[in-house]
Amino acid sequence: MQHCSPEQLALAALREPLPAADAAHLADCAACRGEVAALQRAVDALAVPALAAPAPSVTPPPRVWDAIAAATGVSATPAPAPTSEPEPAPAPVVELRPRRTRWLAAAAAAAVVGGLAGAAVLTRDDAGAVVAATTLDPLDADESSGTAEVRERDGVRSLQVDLDAPSLGEGYYEVWLLRPDVSGLVPLGVVHQGANSVPLPDGLDLGDYPVVDVSVEPLDGDPAHSGVSVARGSLS
Amino acid sequence: MTALEDRIDLYGQDVETGRTSLRRVVEPDDDEIARRFRDGDEQALALAYERWGGQLHGMAVRAFGPGPDAEDVTQQTFISAWTGRNGYSAGSGPLPAWLVGICRHKIADVWAKRDRQRRQSEAVAADVASRPGSSDDVDTRVADRVLLLGELDRIGQPQRGIIELAFFEDLTHAQIAARTGIPLGTVKSHIRRTLERLRTRLEVDGAALQP
């Protein structure tokens, strides 16, 4: 097979998992491995925990400011650090946003994207009647897309998700239903590339939760939405 | 992705929230501190220290433990930022992120200083023991860091922000695309070009240090 693309080699240098075919080639190709190693020297020098952000906040002793003031000639003085325990860390420097906040921000965009999704043709076959459908449009990347259909058979509804998405080195895809105004979400379960069927909770009002969202979830035991959504559409 | 872009900047900061409304009334926001800092308002240096000194000192303490080296890093970060404030522009990103970048330089400088001292003391010991060819081996990684942090400073946005998210926040390219709203393919090609640029810098200027 042909060599890995320069982009894939750069991602490998950052130790991101590659698609299976590229990973297999890399394992066998000395030239590609040499390229990764050459790029990795910079990664190994800089991507170290001591330089990472954020770090837990530590109040410096007063002599630190005294030295700064002496060296700069600045006569202003900072307010004394709070003595009691309070105030969460000051405004985040380059801190990772809390998962919930990230999700809210991401989901706020759902309404925009959802509005763009088109309805699919409603059909009926042995899997039941299609009562609502949407295309799943890619978010950010153009790598993941698909369709979602709500089918009803014998009074039981399920969501059929046909997902066209890349293989994940780590983690898994999960499908959710979101409220357009972001006030709630319903986890429906794990989905894979290709055709999936997940049951819908009885009594769930799809008018309340019309946005189908596919996310990438890390295997971290945290049931909350990761904030990393790859495809979305709004049922109609 | 408009809503996402409006709310967060390249460093993933929430630009709207993070403080209580009460504090917002009585204290300038981060942007105002940044503007006044750039303009040389001494009070802004005190405000920046008040607001971000703990986090920068936290980075220094994580690298060196509490003590003189960590305090020196925090001190030097603010002193360099103040004396070099003309180098801070709107294109440098948020002020706290710029300060973090300076702090990384100061941490790398202390590592380099410690490495020099180690080699000197080893050289003295080797002299006394009359052992020829003893260790004069520079820790290449320590030297690489100083060199590469300097090269990062020369990289424009958004490339610099992208590689910093990969290096310092351990985000995948897909997460970076989601965080910044920059298309995935663009993120990938920026990552590739930046890593190739850093490799070239090491090959050209780090060559003498290679074993």
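The values are calculated or read from the model by the stated rules, or taken from the named source; none is laboratory data. Everything numeric in this text was worked out from a predicted model, so none of it was measured. Cβ atoms come from the backbone with ideal geometry, glycine included; neighbour counts cover every protein chain shown.
Looking at the stretch B:171-184, which of its residues are out of contact with any Pro (no Cβ under 8 Å at 6 or more places or on another chain), more than 8 Å from chain A (Cβ to nearest Cβ) and farther than 13 Å from A:A10 by Cβ?
The answer is B:L171, B:R179.
Looking at this structure, is A:A69 assigned to a helix (DSSP H, G or I) and either more than 7 Å from chain B (Cβ to nearest Cβ) or of a type in the set (G, A, S) (or both)?
Spelling it out, A:A69 is indeed assigned to a helix (DSSP H, G or I) and either more than 7 Å from chain B (Cβ to nearest Cβ) or of a type in the set (G, A, S) (or both).
Modelled with pLDDT of 85 or more, closer than 27 Å to A:G171 by Cβ and within 13 Å of another protein chain (Cβ to nearest Cβ): is that true of B:G161 in this structure?
yes
With A:V64, A:V58, A:V74 as the choices, which residue is over 41 Å from the mean Cα position of the chain (by Cα), farther than 19 Å from B:R160 by Cβ and at the interface with chain B (Cβ under 7 Å from one of its Cβ atoms)?
From the options A:V64, A:V58, A:V74, the qualifying one is A:V74.
Restricting to the stretch B:63-87, give me the number of residues that are touching a Phe, Trp or Tyr at 6+ places or on another chain (Cβ under 8 Å) and more than 9 Å from every other protein chain (Cβ to nearest Cβ).
3
Only one of B:R145, B:R141, B:R192 is within 8 Å of chain A (Cβ to nearest Cβ), buried (at least 21 other Cβ atoms within 10 Å of the Cβ) and either on the phi > 0 side of the Ramachandran plot or basic (K, R) (or both); which?
B:R145
Quick check on this structure: which one of A:G221, A:G227 is over 19 Å from A:E149 (Cβ atoms) and either without any contact (Cβ under 8 Å) to a residue 12 or more places away in the chain or over 19 Å from the mean Cα position of the chain (by Cα) (or both)?
It is A:G221.
Kindly provide the set of residues from the stretch A:45-55 that are more than 7 Å from every other protein chain (Cβ to nearest Cβ) and either over 22 Å from B:L99 (Cα atoms) or part of a loop (DSSP other than H, G, I, E, B) (or both), ordered by number.
A:V48
Applying the selection to the stretch B:59-101, what residues are surrounded by fewer than 19 Cβ atoms within 10 Å (Cβ to Cβ) and touching a residue at least 60 places away in the same chain (Cβ under 8 Å)?
Correct list: B:G91 only.
Can you confirm whether A:S215 is within 30 Å of A:A20 (Cβ to Cβ), under 16 Å from the mean Cα position of the chain (by Cα), of a type in the set (S, T, N, Q) and assigned to a loop (DSSP other than H, G, I, E, B)?
No; evaluated as a whole, the condition is false for this residue.
Just name the residue that is farthest from the chain's Cα centre (by Cα) out of those in the stretch A:4-17 that are surrounded by fewer than 20 Cβ atoms within 10 Å (Cβ to Cβ) and under 19 Å from A:G171 (Cβ atoms).
Among them, the one singled out is A:R15.
Please work out which residue is farthest from the other protein chains (Cβ to nearest Cβ), limiting yourself to the stretch B:26-61 and to residues that are closer than 27 Å to B:E169 by Cβ and among the small types (G, A, S).
Selected residue: B:A34.
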